[in-house]
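A short worksheet on the structure shown next.
Each value in this text was obtained by applying a stated rule to the coordinates, not by laboratory testing. For clarity, every value in this text was computed on a predicted model and none was experimentally measured. For neighbour counting, all protein chains shown are included, and Cβ atoms are generated from backbone atoms with ideal geometry for every residue, glycine included.
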Amino acid sequence: MNDILPAETPTWQFLEQTVSNVLSSYGYGEIRLPVVEQTDLFKRSIGEVTDIVEKEMYSFDDRNGESLTLRPEGTAGCVRAAIQQSLLNTPQRLWYAGPMFRYERPQKGRQRQFHQIGVEAFGVSTPDMDAEVILLTARLWRQLGIDDGVELQLNSIGSTESRQAYRDALVAYLEQHREQLDDDSQRRLQSNPLRILDSKDPDTQALLDGAPSLADYLDEESSVDFSRLCELLQAAGVPFVVNSRLVRGLDYYNKTVFEWITDRLGAQGTICAGGRYDGLVEQLGGKPTPGVGFAMGMERLVLMLQASGVDYAQGQGADVYVVSFGDGAQTQAVATVESLRDKLPQLRIVQHTGGGSFKSQMKKADKSGARLALIWGEDEVASGTVAVKALRLQDRPEEGPGQQSISLADLQDTLRAMLAL
């Protein structure tokens, strides 16, 4: 579980603001959810025989003996909230962001506390809704400047009935080759055989080349919907690859599933994944309500943004550093600076605190990265002026590094001019 330090947070803030802007433009409203839910919620939604529930959840008993869990994903909690708060009487477009928790091997882009942005759309069963959630992610990659490094993979896993028929055929095939399967796949053969399609073991993948195809077992409605989704994405100019082995790891999915993957992060290549879950609301106690959504891993997106070489901290440092000597000068500085914050709210001002010599304060002013220093001493207090010193004005080299004395009445206009505000 990692700290995110001040040098890193500008990249996170850029990502969060860009996501918020894109989702708002599509009509999605933010919902803020608790990080702790009843353990049973995840057993009922994710599935008791999934790796998440069996191995990865942080669960504990509270003082009343009730089993609670730090959320390992966001969809179940969002559905629970939508049911409890009676949000599903009309179609809903929702999004959320925050930490999730899974006890798994830490690796690049994935810690035991990690962060996700999730989107959930309820109340529409047609493939144009599937297309919307995929199209908005494609737009987000363009806004973030990483669209050239991602690939969209699609599949349809069909209805519950057609998936069960395929499951039976797959198990019958794999039982004949049980000894050739890797250990994880042997364990999943009875509990969650579709996950074997997602095995990373090369021998198991080679064995699957001869396995029945999920596409051959799709019900007609799922097949028609998937064809329509592909048509809509093609019409919008979003390229994709149909991956017949893409199944997703959670029990609640049906019909469309998708992943956005990248080759820029090594083995952990999925940055966004989701699909349709038309039975989940009813499964968790609500009225039958279709749903589709996705989650994106923020750590992985931050890694991609950092690899782009853009300095997201640029322009976020101080504009002005305030230096003062003596109580009278400090009193004048504090009063004037607070007035400046009212009149120029976009101005980023760092007020020196803790005293010190002129030399030490100016060193700190320079180290702060500020473009200007405002300097108050006894002379400035007596004359109603302030000394303005240019520290770095690369965009206005004609200003030079000089120092000038400005009346307090002219200070606001001088700062506007020197900093191009």
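Between the beta carbons of S67 and T270, assuming R0 = 25 Å, the FRET efficiency works out to 0.25 to the nearest 0.05.
Ordered by the number of other Cβ atoms lying within 10 Å of each residue's own Cβ, fewest first, D168, D182 fall into the sequence D168, D182.
Hey, what did region 1-123 get for relative contact order, percent, Cα under 8 Å, at least 6 apart? Averaging sequence separation for qualifying contacts and normalising by length gives 27 percent for region 1-123.
Beyond 18 Å, what share of the Cα-Cα pairs of region 1-152 is found? Please give it as a whole percent. Across region 1-152, Cα pairs with separations above 18 Å total 66 percent.
For region 193-198, putting each phi into the Karplus relation 6.51 cos²θ - 1.76 cosθ + 1.60 with θ = phi - 60° gives couplings of x, 5, 5, 4, 4, 9 Hz, in residue order, rounded to whole numbers and with x for Gly and Pro.
When both region 158-234 and region 1-70 are represented by their alpha-carbon centers, they are found 29 Å apart. With the cut-off at under 19 Å, measuring from each backbone N in region 159-196 to a point 7 Å along the Cα-to-Cβ line of S223 picks out 159-170. Loop-located GluC sites (Glu not before Pro) in region 7-36 (DSSP state other than H, G, I, E, B) with a sparse environment of at most 15 neighbouring Cβ atoms within 10 Å: E8. Let me see the pair-distance distribution of the chain: every alpha carbon pair, 20 Å bin width, integer percents in order. Histogramming the chain at 20 Å steps yields 22, 42, 23, 12, 1 percent.
Neighbour counts of other Cβ atoms within 10 Å put H352, H177 in the fewest-to-most order H177, H352. For the chain, the mean residue ellipticity at 222 nm estimated from helices alone is -11500 deg cm²/dmol, where every DSSP H run of n ≥ 4 contributes -39500 (n - 2.57) and the total is divided by all residues, rounded to the nearest 500. A cut-off of 5 Å between modelled amide H atoms, ignoring neighbours fewer than 5 places along the same chain, links R348 with D319, V320. Label points 7 Å out from Cα along the Cβ direction at D263 and E8: separation in nm? The two pseudo-label positions are separated by 2.7 nm. For region 320-419, the relative contact order works out to 29 percent when only alpha carbon pairs closer than 8 Å and six or more residues apart are counted. With a Förster radius of 22 Å applied to the C-beta separation of V36 and K287, the computed FRET efficiency comes to 0.25.
Measuring against 31 Å, Cα to Cα, the residue pairs K200/K287; K200/K255; K55/K108; K108/K363 contain K200/K287; K108/K363 as the ones spanning a longer distance. Between the helical axis of 127-144 and the longest alpha-carbon principal axis of the chain there is an angle of about 30 degrees. Residues whose amide H falls under 5 Å from that of L265, counting only those 5 or more places apart or on a different chain, are absent, with hydrogens built in the peptide plane. Built from the Cα atoms of region 230-342, the convex hull projects on average onto 14.9 nm², one quarter of its surface area. Summarising the amide proton neighbourhood of L391: residues at separation of 5 or more, or on other chains, whose placed amide H is nearer than 5 Å comprise L372, A373. Viscosity 0.890 mPa s, temperature 25 °C: give me the Stokes-Einstein translational D for region 208-276 in µm²/s, with Rh taken as the Kirkwood radius over C-alpha pairs. Translational diffusion coefficient: 178 µm²/s. Phi-derived couplings, Karplus 6.51 cos²θ - 1.76 cosθ + 1.60 at θ = phi - 60°, listed residue by residue for region 19-26: 4, 4, 5, 5, 5, 4, 5, 9 Hz, with x used for Gly and Pro.
Counting neighbouring beta carbons within 10 Å and listing from fewest to most, the residues L265, L301, L421 come out as L421, L265, L301. The Rg/Rh ratio for region 320-419 is 0.92, where Rg is the radius of gyration of the alpha carbons and Rh is the Kirkwood radius. Which distance in Å, rounded to a whole number, links the C-alpha centroids of region 309-374 and region 73-129? Distance between centres, Cα-based: 42 Å. Each of the peptides 127-139, 70-82 was scored by the mean count of other Cβ atoms within 10 Å over its residues; in descending order, highest first, they stand as 70-82, 127-139.
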